[in-house]
Amino acid sequence: MPAQSCDMFLYERQAYATCAPGSVAGIDEAGRGPLAGPVVVAAVILPPESEFKLAVADSKTLHAVQLEKLAYALRQTLGLRYAIVECCARRIDEINILAATQLAMRQAARLMLPQIELALVDGLPVKDFPVPARFLVKGDRLSASIAAASILAKTHRDRLMLRLHELYPQYGFDRHKGYATAAHLAALEHFGPCPAHRRSFAPVARIISPPPEQLSFDFS
């Protein structure tokens, strides 16, 4: 695993200068980009009395086995609190992926009440956030709490995609986890979408409603 190049607890220490112990949560999502499956958000409060000793890292830089080991260690950490929220493909199609992600982030923060006093959130500001928050672009590379949330969200979503693979093995969700790989797109073309697919996403929408054929006229 690559070593972190910055102080991953800087934002937590700054927050605890004014916040009560055990009241600062990191929040991150997994699964905004795939064509299928839910978007998942995790909120994590790391124990403030001992900076987390495992080398947490952005989940996108780790292999599946590394992620599962870290996720297990996180869940076993004494004093750690976390919440996980899922937003399904149907809801994503109803309100769009950005709104669905922000909805799940707000809900994850609410689930940490009353302990949470401040949220460190990966990404751009979210309107009407239910608790005081600091939004950090690429926060999973800057904050241990956000990195921990990234790991729990990613591993939770991966397990959900394995369950979807059992229901719809023809798409290969166990391999690509719903992302738009060549194999996934080929399966979509051959089988059409299943209930887990996001019909509002362009590659799926094109299969459901292909563009009309271009008519050509010979005026010669």
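The values are calculated or read from the model by the stated rules, or taken from the named source; none is laboratory data. Worth saying up front: this structure is predicted, and the values here are computed from it rather than measured. Backbone-built Cβ (ideal geometry, glycine too); neighbour counts: all protein chains shown.
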Candidates Lys60, Lys53, filtered to the one that is surrounded by fewer than 19 Cβ atoms within 10 Å (Cβ to Cβ), within 14 Å of Asp122 (Cβ to Cβ) and either modelled with pLDDT under 90 or among the aliphatic types (A, V, I, L, M) (or both): Lys60
Tally the residues that are crowded, with 16+ Cβ neighbours inside 10 Å and out of contact with any strand residue (DSSP E or B) (no Cβ under 8 Å at 6 or more places or on another chain), restricting the search to segment 163-177. 5
Would you point out which residue out of Tyr72, Tyr82 is modelled with pLDDT under 95, aromatic (Phe, Trp, Tyr) and either over 21 Å from Lys177 (Cα atoms) or surrounded by fewer than 16 Cβ atoms within 10 Å (Cβ to Cβ) (or both)? Tyr72
Restricting attention to segment 102-130, the residues that are crowded, with 16+ Cβ neighbours inside 10 Å and among the basic types (Lys, Arg) number exactly 1
All positions within segment 163-203 that are touching a residue at least 40 places away in the same chain (Cβ under 8 Å), of a type in the set (Ser, Thr, Tyr) and within 19 Å of Ala64 (Cα to Cα): Tyr179
Can you pull out the residues in segment 131-162 that are surrounded by fewer than 17 Cβ atoms within 10 Å (Cβ to Cβ) and either closer than 23 Å to Glu68 by Cα or without any contact (Cβ under 8 Å) to a residue 40 or more places away in the chain (or both)? Pro132, Phe135, Val137, Lys138, Arg159, Leu162
When residues of segment 144-178 are limited to those that are of a type in the set (Ser, Thr, Tyr) and under 16 Å from the mean Cα position of the chain (by Cα), the one farthest from Cys19 (Cα to Cα): Thr155
Go through the residues of segment 116-123 one by one and say whether even a single one is at pLDDT below 95 and touching a Gly at 6+ places or on another chain (Cβ under 7 Å). no
Flagged in segment 13-44 as on the phi < 0 side of the Ramachandran plot, surrounded by fewer than 23 Cβ atoms within 10 Å (Cβ to Cβ) and in contact (Cβ under 8 Å) with a residue 24 or more places away in the chain, in numbering order, are Ala15, Tyr16, Cys19, Ala20, Pro21, Ser23, Arg32, Gly33
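For segment 110-130, how many residues meet the condition of being outside any loop (DSSP other than H, G, I, E, B) and either under 14 Å from the mean Cα position of the chain (by Cα) or basic (Lys, Arg) (or both)?
Total meeting the criteria: 3.
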